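To start, the structure under review is shown below, and the notes come after it.
The values are calculated or read from the model by the stated rules, or taken from the named source; none is laboratory data. Just so it is clear, the structure is predicted and the values come from calculations on it, not from any experiment. Because the Cβ atoms are built from the backbone with ideal geometry, glycine has one as well, and the counts that use them run over all protein chains shown.
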Amino acid sequence: MSDDRDDARLDSTGFDTAGLVTGEAIALEIPVTSFVLRAAGAIIDLVAEFLLAFGLFYLVAVLASDGGLDAAASAAVAIAALVVSIVLVPVAVETATRGRSLGKLAVGARVVRDDGGAIGFRHALVRGLTGVLEIVMTAGGLAAVVGLLSRRSRRLGDVLAGTHSQLERVPAAPPLVVEIPAPLTGWAATADVARLPDALARRLAQFLRQRSGMTEPSRSQLARSLAQEAAAFVSPLPAAPAEDFLLAVAALRRRREERALELVDRRMSRLAPVLADAPRGFPVREAPRAPRGTRAAPSAPAPQDAQADGGSR
């Protein structure tokens, strides 16, 4: 399942993202549901399904005890109740809710197609039938193995149906506040930092957010790797540790972006009166309304035509 590993990346919030390309050739990064959340949602769905099956079995037992069903009919109805509870009801729920269920609603997930669209009856049916094998018959063991081997935590039913689980309840990333290290203050006054590519800027922000929880070897190695990539957009290069260099680059880019936004705001504030007023000579079609309790001033009489005035003489 190397395709899952290639098109899944981490966003700035630390969640795996699925790389999708729309028909307009626009790349989208959608967070996918982790293995732990998928397992939690599956457990909730299984509990609900078994409760439904228990209720149906109890109803069959009551009917059989009253003499309404014989042994063969009771067995047939029990099998039908089991099929309804573990196959038909989950398929109907996912089809009606476009990929949602009780467990997915609890963890904030939704099953979507690989192209990001809503699933239909065919996708839900394939997932439901496959779920009997990989979840019910193997107690979730097959689904767990396949999900652990897949970067997007897809189970066998997702692979066959062409779907994956999308995380909709994504927490907002905390604001990244960085300052220029004291040894690089003089360098920052004359440094020129160009705009970083979006992928590099995203990985840089992710590293600065998560560096405190990383081990020292991996932290140093990742800092050096990011510094080598960012060095192509910085001139001149300072003689500083890689992590201090990344902090300074992030702080300088943030300052320049803030200054650009402030410049745009000042220009828009200067243009606001011009944009709000009507052009000179443009007729105003709506006359101002007179306040309540006052009478409108009588209109002046129209001037008489010169010919009519001469004729009266």
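Restricting to region 179-197, and then to whatever is of a type in the set (D, E, K, R) and out of contact with any Ser or Thr (no Cβ under 7 Å at 6 or more places or on another chain), can you tell me which residue is nearest to Ala230 (Cα to Cα)? Residue satisfying both the conditions and the ranking: Arg195.
Beta carbons closer than 8 Å, at least 6 apart along the sequence or on distinct chains, never pair a first residue in region 107-121 that is outside the structural domain of Ser34 (by TED's automatic domain parsing) with a second that is charged (D, E, K, R). Scanning region 153-198 for residues that are free of Cβ contacts under 8 Å to residues at least 12 places away in the same chain and of a type in the set (A, V, I, L, M) gives Val177, Ala182, Ala189.
For region 211-227, a residue qualifies if it is more than 15 Å from Asp244 (Cβ to Cβ) and surrounded by 14 or more Cβ atoms within 10 Å (Cβ to Cβ), and exactly one does: Met214. For region 102-117, the count of residues that are among the acidic types (Asp, Glu), in a helix (DSSP H, G or I) and either farther than 30 Å from Val145 by Cα or within 28 Å of the chain's Cα centre (by Cα) (or both) is zero. Residue count for region 207-218, restricted to those that are in contact (Cβ under 8 Å) with a residue 12 or more places away in the chain and not aromatic (Phe, Trp, Tyr): 4.
Contact map, region 222-249: first residue farther than 12 Å from Leu208 by Cα, second residue assigned to a strand (DSSP E or B), Cβ cut-off under 6 Å, separation 6 or more or different chains; pairs are Val234/Val193; Ser235/Asp192.
Residue-wise test of (1) surrounded by fewer than 18 Cβ atoms within 10 Å (Cβ to Cβ); (2) charged (D, E, K, R); (3) within 30 Å of Val249 (Cβ to Cβ).
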{"residue": "Leu102", "(1), (2), (3)": "yes, no, no"}
{"residue": "Ala106", "(1), (2), (3)": "yes, no, no"}
{"residue": "Phe121", "(1), (2), (3)": "yes, no, no"}
{"residue": "Val146", "(1), (2), (3)": "no, no, no"}
{"residue": "His164", "(1), (2), (3)": "no, no, no"}
{"residue": "Val177", "(1), (2), (3)": "yes, no, yes"}
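Across region 111-141, the number of residues qualifying as aliphatic (A, V, I, L, M) and closer than 19 Å to Leu37 by Cβ comes to 4. Being within 25 Å of the chain's Cα centre (by Cα) and part of a loop (DSSP other than H, G, I, E, B) is true of Val177.
Taking the criterion of being surrounded by 13 or more Cβ atoms within 10 Å (Cβ to Cβ) and not in a loop (DSSP other than H, G, I, E, B), the residues of region 232-248 that qualify are Phe233, Val234, Ala242, Glu243, Asp244, Phe245, Leu246, Leu247, Ala248. So in region 186-210, with the set limited to residues that are touching a Leu at 6+ places or on another chain (Cβ under 7 Å) and part of a helix (DSSP H, G or I), which one is surrounded by the most Cβ atoms within 10 Å (Cβ to Cβ)? By that ranking, first place goes to Leu204. Residues considered: Arg219, Arg211, Arg151, Arg195. Of these, the only one that is touching a Lys or Arg at 6+ places or on another chain (Cβ under 8 Å), basic (Lys, Arg) and within 18 Å of Arg113 (Cβ to Cβ) is Arg151.
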